[in-house]
1. Using helices alone, what [θ] at 222 nm do you get for the chain, with -39,500 (n - 2.57) per DSSP H run of 4 or more residues, divided over all residues and rounded to the nearest 500?
2. Output the peptides 268-279, 372-383, 296-307 sorted from most to least packed, where packing is the average of other Cβ atoms within 10 Å over each peptide's residues.
3. With unit charges on the beta carbon (Lys/Arg positive, Asp/Glu negative), name the residue among Thr311, Leu175, Thr327 whose Cα is farthest towards the positive pole of the charge dipole of the stretch 2-386.
4. Treat each spin label as a single point 7 Å out from the Cα along the C-beta direction, and report the His276 to Arg64 distance in nm.
5. Can you pull the one-decimal nm distance between simple spin-label points at Ile386 and Arg239, each 7 Å off the Cα toward Cβ?
6. Between Ile157 and Leu303, what is 0.36 nm times their sequence separation minus the Cα-Cα distance? Round to one decimal in nm.
7. For the stretch 2-386, count the residues as N, evaluate 2.2 N^0.38 Å, and divide the Cα radius of gyration by that value, please.
8. Using a 10 angstrom cutoff on alpha carbons, build the Gaussian network for the chain and name the most mobile of Phe88, Phe183, Phe227.
Amino acid sequence: MPARFASPEMRTALFYFSTFMTPAASTMLLSIWLDSRGVSESEIGIINAAPIFLMIVLNLVVGRIADRAKDWRSVLVVISLIAAAMPFGLFWVSGFWSSLVIWSLCMIPFLSLEPVIDAAATRMTRRRGTDFARVRIWGSVGFILATWLTGLFYGWIGIAVFVPIFILVNIFRGLVSLQLPYFRAPNPEGDVPQTVNADAAQTMRQVLKPWFLLTLVGTALLQASHFVLMAFGALMWVRIGIPEGSIGFIWSIAPICELATMFFFARIARRFSARHLLLVACIAGVVRWTGVAFATEAWQMALLQVLHMVTFAVSYLGIVNFIANWTTDEIAAEAQSFYVVLRQSANVVALVTFGPLVAVFGMRAFLGAAGAAALGAVLVGISLAIKEIKR
């Protein structure tokens, strides 16, 4: 048991556990916290979008640096320690502009972590013959725990609890990063043969082939549709009369269902290609967001949250596997970062446009998210038609 907890997989899992505590705290309470400071819906959308917009420029740079470093670990540790220091600036936030600047400084390091850790963990587990989903599942565990604790303290103390919780989870991740393994270290038992395709992309130019790019863009649209729920969901639930004490419970349903998908994903992936799974996820997104647009009761929202196991978990694992199947180690983090750039571009558009839509249409604005998921399904379908599936 001690050896198992000291394994590279478990040390990486602990980092995922700590990493996803950050979005758990911010997703539930940021919009409410900003609203309490007089920030409007449109301004909340801009504040959420600003760091993502900046990362569109920075992500490829971070990915390239990580690929060229001796090991991906060093980049992850440096970024995590920077991210631990930034949230202290939230104590001095008073209005829109200060919120915009400080929140951007808080989120840029966090957003830089995701593509690098995904690329590093995927390659490490494939080389060692272990299951990436069983490592990534701990991120969902951390999200659930942080969601439950955040909701609990919010119910007791109120919105004043947001900043202290956000600071603590970022410090925790910074400390955990120090125990990360060296992802490129040889497997003592011998590396497992790689499972990438023979014609996998070795340069970023090859990633731009239409069949490849359409899959990335379609999935980015689907995942961007989740971001509007993350940015506005809790605030809108409160406004339609869902009890504040129920928000934490409803929010935790999604990551709990996500856990179930990640636990069994390896079996699913052996039976279906990554792009077929992504197509199913997009179709499920149309159903989910259309339902959210017309839901009025807490039980309806809770039921629709179950679809998160398909719309997010399947699409996330599907795109990570798709990129790993069709790219080599030399561009692992950069290719993953390129996809994140596409997703973040879609996030920016969604957040900037969704704020005004919420102000005018309320919950019906989620029909826009359903439309994005539908377009994603069309693009993935075209990709399938262009290139015959090999895996």
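We did not get these values from a lab; they are worked out from the coordinates using the rules stated. It should be emphasised that the depicted structure is a prediction, and the values quoted were computed from it without experimental measurement. Every residue, glycine among them, receives a Cβ derived from its backbone with ideal geometry; neighbour counts consider all protein chains shown.
1. Mean residue ellipticity, 222 nm, calculated: -26500 deg cm²/dmol.
2. 372-383, 268-279, 296-307
3. Sorting the options by dipole projection puts first Thr327.
4. Between His276 and Arg64, the simple spin-label model gives 3.8 nm.
5. Placing both labels 7 Å along Cα→Cβ, they lie 3.8 nm apart.
6. 49.7 nm
7. Details: Rg = 19.7 Å, N = 385, 2.2 N^0.38 = 21.1 Å.
The stretch 2-386 yields a ratio of 0.93.
8. Phe88
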